[in-house]
Amino acid sequence: MIHIVAESHIPYLHGVLEPWAHVTYAPVIDAATAHDADVLLVRTRTHCDAALLAGSRVRFIGTATIGTDHIDMDYCRLHDITVANAPGCNAPAVAQWVLAAIGQWMRRHDEADAHRLTLGVVGVGHVGSIVARWARQVGFNVLLNDPPRASHSPGQAGAFIPLAQLATQSHIITFHTPLTMNGPYATWHLCNEHLLSAAAHCRLIVNAARGGIAIDPMLAQWHGDVAIDCWENEPRLNIDLLKKALVATPHIAGYSAQGKARATAMLLQALNTHFGWQVPLPVIDAPTAGAAHVTLDGIMASYDIMADTEALKAEPTRFETMRNTYHLRNEVSD
């Protein structure tokens, strides 16, 4: 029988696969745990590389996340390991977090009129496209930066502007890129001293994308406000940045019930396709809030982002525990 080792904190998974495989649930997956597994089901905390996989019989890795930067894709290709992820699974939840953070910032500074503000969106994929659409509905002037998309879609190139131009023209900048370490579109430390210097008139920077996109110590010294969900060196936070941040949460921006169910369903569907199974997919009874909630007031009413901020600021050493035991919220939709 196929042996699956799954992170125990993946929601909606327990008890589903047992008719099809032998399943071991582990709070942490290490080389010893992975050694006899045929399948690993992971989140971003499990780094799937040679240190974990060498000598194992793993042939399939499913990650309940949008990204795959925690997986050595070259190693997996070389060793014939299939990798499945869950692109876009939590995009509405992250957009909800971003607009809730911006709404709190506007409330703090008595900024009642979004029409007077320009929002720069860096990365216009699953999450960034929703953020941009909702922001326009709210009334923001929206600028877009996405060099890979501009390059691959010449007909849409006019919709995008260079990052330096976006930095100089935006009151708010929000990042929604994957984390890539090299290549022409590398995003590691994209929010660096050059961007922060160019953003002289920017008043709020938002990172709900990936830790490592921003240089956290520099961000802690920046003149404006910060809303941050993704940190360098998680779960060890930069305390200066934590103290500075208007909004600070433990990497839970995408943690909605619907998003988690979507991610697990995408993993199960990938397993069904790979092994010819017919595992039933999870269904969430709780409905998403409808279009009436895609207003700043509606989004802030749907999610109390400051409660999560106060909890993390009070006990930053509980970052991982807060993340693993987070009460999944309901997302909004348009």
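Look at Gly88 and say whether it is in contact with a His (Cβ under 8 Å, 6 or more places away or on another chain) and within 30 Å of Phe275 (Cβ to Cβ).
yes
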Counting only residues that are more than 26 Å from the chain's Cα centre (by Cα) and at pLDDT 95 or above, how many does the range 1-14 have?
2
Of the residues in the range 55-103, those that are touching a Phe, Trp or Tyr at 6+ places or on another chain (Cβ under 9 Å), surrounded by fewer than 19 Cβ atoms within 10 Å (Cβ to Cβ) and free of Cβ contacts under 8 Å to residues at least 40 places away in the same chain come to Val83
Members of the range 58-94 found to be β-branched (Val, Ile, Thr) and outside any loop (DSSP other than H, G, I, E, B), listed by number
Ile61, Thr63, Ile71, Thr82, Val83, Val94
May I ask you to verify whether Val279 is in a loop (DSSP other than H, G, I, E, B) and either modelled with pLDDT under 95 or among the charged types (D, E, K, R) (or both)?
no
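For the structure I just gave you, tell me whether Leu195 is crowded, with 17+ Cβ neighbours inside 10 Å, hydrophobic (A, V, I, L, M, F, W, C), out of contact with any His (no Cβ under 9 Å at 6 or more places or on another chain) and farther than 27 Å from Arg45 by Cα.
yes
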With exposed (fewer than 14 other Cβ atoms within 10 Å of the Cβ), closer than 25 Å to Ala301 by Cβ and modelled with pLDDT of 95 or more as the only criterion, which of Arg108, Arg203 stands out?
Arg108
Qualifying position, being of a type outside the set (S, T, N, Q) and assigned to a helix (DSSP H, G or I), among Val98, Val142:
Val98
Is it the case that Leu271 is at pLDDT 95 or above, more than 20 Å from the chain's Cα centre (by Cα), of a type outside the set (S, T, N, Q) and in a helix (DSSP H, G or I)?
yes
Filter the range 282-306 down to the residues that are modelled with pLDDT of 60 or more, assigned to a loop (DSSP other than H, G, I, E, B) and not charged (D, E, K, R) and list them by number.
Pro282, Val283, Ile284, Val294, Thr295, Tyr303
Within the group Ala186, Ala200, Ala167, which residue is in the same structural domain as Ile228 (by TED's automatic domain parsing) and not in a loop (DSSP other than H, G, I, E, B)?
Ala167
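The values are calculated or read from the model by the stated rules, or taken from the named source; none is laboratory data. Computed from a predicted model, the values in this text were never measured in an experiment. Glycine also receives a Cβ, built like all others from the backbone with ideal geometry; neighbour counts cover every protein chain displayed.
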